[in-house]
Amino acid sequence: MKELTKAEEQIMQVIWEEDEMLIKDIVDRLPDPKPAYNTVGTFLKILETKGFVSRRKVANTFVYSATIAKKSYANKYMSGFIGRYFEGSAEKLLSFMVDEKKLDLHQIEELMKKMKKDD
C-alpha cells in the first residue's frame with residue numbers, strides 16, 4: 001500500500017468521517033484556505049488510482065467513498081514508520097517520545113493499564 005501525501009491524507013481524513021461524499025462536500029469540510037473544486041477532483045483521481053477511494057456515478061456527478069479503512073491505513077503506516085525510524089521497535093519509539101517530552105509518566109501509566117486490560 002502506498003503512503004498518502006499530506007494533501008491526500010487531508011482529503012482522506014474528511015472521507016473517512018462519512019460513508020459517501022460529493023466533491024463539493026469534501027471541499028466544504030477542508031480547512032481554510034480551501035483548495036479549488038478542480039484541485040480536490042484531481043486528488044480524488046489520484047486516490048482512486050492508488051486504491052484509496054472508489055467512485056460511482058449519480059446523476060451528473062460522482063460520489064466518493066473510502067476503500068481502505070482509516071484504522072487499516074494507520075496500522076500499515078505506523079508499521080512502516082516504526083520500521084524506518086525506530087528499527088522496527090515500538091520500545092524505541094516510546095523512548096523517543098519520552099525523551100522529546102511527547103509522553104509523560106501519567107500517559108505511560110495509562111498506556112500500561114490499557115495494555116494489561118487488552119491482555
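Bear in mind these aren't lab numbers, they're just calculated from the coordinates by the rules spelled out. Note that this is a predicted model, so its numbers are computed, not measured. Cβ placement follows ideal geometry from the backbone for every residue including glycine, while neighbour counts extend to all protein chains displayed.
For each of F96, F62, count neighbouring Cβ atoms within 10 Å of the residue's Cβ, then give the residues from fewest to most.
Starting with the residue having the fewest Cβ neighbours, the order is F96, F62.
Can you give the Kirkwood hydrodynamic radius of the chain from its Cα pairs, in Å with one decimal?
Its Kirkwood hydrodynamic radius stands at 16.7 Å.
What angle do you read, to the nearest 10 degrees and between 0 and 90, between the alpha-carbon axis of helix 6-16 and the longest principal axis of the chain?
The answer is roughly 80 degrees.
As I understand it, the value is the acute angle between the Cα axis of helix 37-50 and the longest principal axis of the Cα atoms of the chain; what does it come to in degrees, rounded to 10?
Taking Cα atoms only, the helix is inclined about 60 degrees.
Figure the gain on full extension for I108 and V63 (residue separation times 0.36 nm, minus the Cα-Cα span) and round it to one decimal in nm.
Gain in length upon complete extension: 12.0 nm.
Can you grab the distance from the C-alpha centre of region 29-48 to the C-alpha centre of region 61-85, Å, no decimals?
18
Would you mind ranking L47, L105 so that the residue whose beta carbon has the fewest other beta carbons within 10 Å leads the list?
L105, L47
Please report the base-10 log of the normalised intensity I(q)/I(0) for region 6-66, using a Debye sum with one equal scatterer per alpha carbon and no solvent, at each q in 0.23 (1/Å).
Treating every Cα as an identical point scatterer, log10 I(q)/I(0) equals -0.91.
Relative to the longest principal axis of the C-alpha atoms of the chain, give the angle of the C-alpha long axis of helix 105-118, reported between 0 and 90° and rounded to the nearest 10°.
It is inclined by approximately 80 degrees.
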